[in-house]
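Novice: Got a structure for you, written out below as structure tokens; questions coming shortly.
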Amino acid sequence: MSTEVLQRLSTITLSTKHLRRLPHLSDFLPFSLPSPSPTVTASHVPSLFREPYILSGYRPVQQDWRCYLLSLFQKHNESLNVWTHLLAGPVLLLRWWANVDTLGYTLDTASLPLLLFLVSSLTYLYLSVAAHLLQSHSERAHYFFFFLDYVGVAVYQYGCSLGHYFYASEPAWRECVGVMFLPGAAFFGWLSCTGCCYAKFRYRRPYPPQRKVCQLIPTGLAYVLDISPIAHRLLTVSWSQEPSLPFHALQIACFLLSAVFFSCPIPERFFPGHCDFAGQGHQIFHMLLSLCTLSQLEALFQDYAQRRDTVVELFGEWQLWWACVSFPVLLVCCILTALIPMKHMSKALQSKDE
């Protein structure tokens, strides 16, 4: 018996040795991947990169770009900000395909606003991932990627307004707001991008309260308009008759709570240095915003299932196409708007280097 056990152990040992001799992935790569430098304290990075009450976990600046890409698997103070939105994308797509299979979804004029909502959601999620993952490379990269992040926010706002208007609005609300809703949503989306870019360009750390004002007022106005058809519906329609309304209520609750954590550095304000890697308000903001988006998707699919046969008849094919064509127009306008402060910032940073 003991001899048999020894023979098996020797077989396992030989197998392990053979496995060690197998080629590794790095053997096939024509280049070697750099290793990200260990994280440092706030005093070792420029003030631009320092967050209030976050004392450590910063990635050193001016590393190879690949180091910041590989820092996806490194523990640093932006890790959860990256992963919360990075994982939200696949979850969103899985729920999309699950709903598509259930409803027998077909890509036609009536479904275009729903598709654009998905595109806008993925846009803001992954531009946010790029900003938090790559911004530590340099001051120029920091501004560039966060300006793009603001573009994603504006596009997402308009994507939400498309879904809310065509699938969730009531006739009484449309009589009050009418055809001005979507142009207003596009304008306030652009204004939100402009206000955030201006605040980023204009103010330096430590940021004054005016910076939050420039960010929150246009974003708040955009949200009030975008959510108005949902708020009206929640107040005027019986929840027992509309299965989407609990999801709409959840998305509002998540968004409002996320706004609190975005506006205030809590809980790290009360525990400086203890939330460097996990527990920051911005991380909680990311998680709540992801949950808000998932709730919106569920709600809009429920609304789409009930109204897809009447959407074209109710709004007209021309209005649906006009609204959807305005989506890429808004995207281009926001990108051009973001390039203006980026150009001025590049000149200022170049003068600073000289």
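The values are calculated or read from the model by the stated rules, or taken from the named source; none is laboratory data. Fair warning: this is a prediction, and the values are worked out from it, not measured in the lab. Cβ atoms come from the backbone with ideal geometry, glycine included; neighbour counts cover every protein chain shown.
Novice: State whether one or more residues within segment 222-239 are modelled with pLDDT under 95, surrounded by 15 or more Cβ atoms within 10 Å (Cβ to Cβ) and not hydrophobic (A, V, I, L, M, F, W, C).
Specialist: Looking through segment 222-239, none of the residues is modelled with pLDDT under 95, surrounded by 15 or more Cβ atoms within 10 Å (Cβ to Cβ) and not hydrophobic (A, V, I, L, M, F, W, C).
Novice: Would you check which residues across segment 138-178 are closer than 26 Å to residue 348 by Cα, assigned to a helix (DSSP H, G or I) and more than 20 Å from the chain's Cα centre (by Cα) and list them?
Specialist: Within segment 138-178, 139, 140 meet the criteria.
Novice: Residues in segment 293-310: is at least one within 23 Å of residue 194 (Cα to Cα), without any contact (Cβ under 8 Å) to a residue 60 or more places away in the chain and not in a loop (DSSP other than H, G, I, E, B)?
Specialist: No, because not a single residue in segment 293-310 is within 23 Å of residue 194 (Cα to Cα), without any contact (Cβ under 8 Å) to a residue 60 or more places away in the chain and not in a loop (DSSP other than H, G, I, E, B).
Novice: Run down 168, 185, 154 and say which single residue is crowded, with 19+ Cβ neighbours inside 10 Å and free of Cβ contacts under 8 Å to residues at least 60 places away in the same chain. If you could, list the steps in order and put the result at the bottom.
Specialist: Values: 168 fails: free of Cβ contacts under 8 Å to residues at least 60 places away in the same chain; 154 fails: free of Cβ contacts under 8 Å to residues at least 60 places away in the same chain.
Checking each option against the conditions leaves just 185.
Novice: Still on this structure, please answer the following. Are any residues in segment 45-81 part of a loop (DSSP other than H, G, I, E, B) and of a type in the set (Ser, Thr, Tyr), and if so, which ones?
Specialist: Listed by number, the residues that qualify are 53, 56.
Novice: Could I ask something else about it? Checking residue 265 against (1) in contact with a Gly (Cβ under 6 Å, 6 or more places away or on another chain); (2) in a helix (DSSP H, G or I); (3) modelled with pLDDT under 95, only one condition comes out false. Which one?
Specialist: The one condition residue 265 does not meet is (2).
Novice: Here's something else I'd like to know. Out of all the residues in segment 20-32, is one or more touching a helix residue (DSSP H, G or I) at 6+ places or on another chain (Cβ under 8 Å) and modelled with pLDDT under 95?
Specialist: Yes - at least one qualifying residue is present in segment 20-32.
Novice: Answer with yes or no whether residue 110 is under 16 Å from residue 303 (Cβ atoms), more than 14 Å from the chain's Cα centre (by Cα) and surrounded by fewer than 24 Cβ atoms within 10 Å (Cβ to Cβ). Before the answer, list the steps.
Specialist: Working: under 16 Å from residue 303 (Cβ atoms): yes; more than 14 Å from the chain's Cα centre (by Cα): yes; surrounded by fewer than 24 Cβ atoms within 10 Å (Cβ to Cβ): yes.
For residue 110, the condition - under 16 Å from residue 303 (Cβ atoms), more than 14 Å from the chain's Cα centre (by Cα) and surrounded by fewer than 24 Cβ atoms within 10 Å (Cβ to Cβ) - is met.
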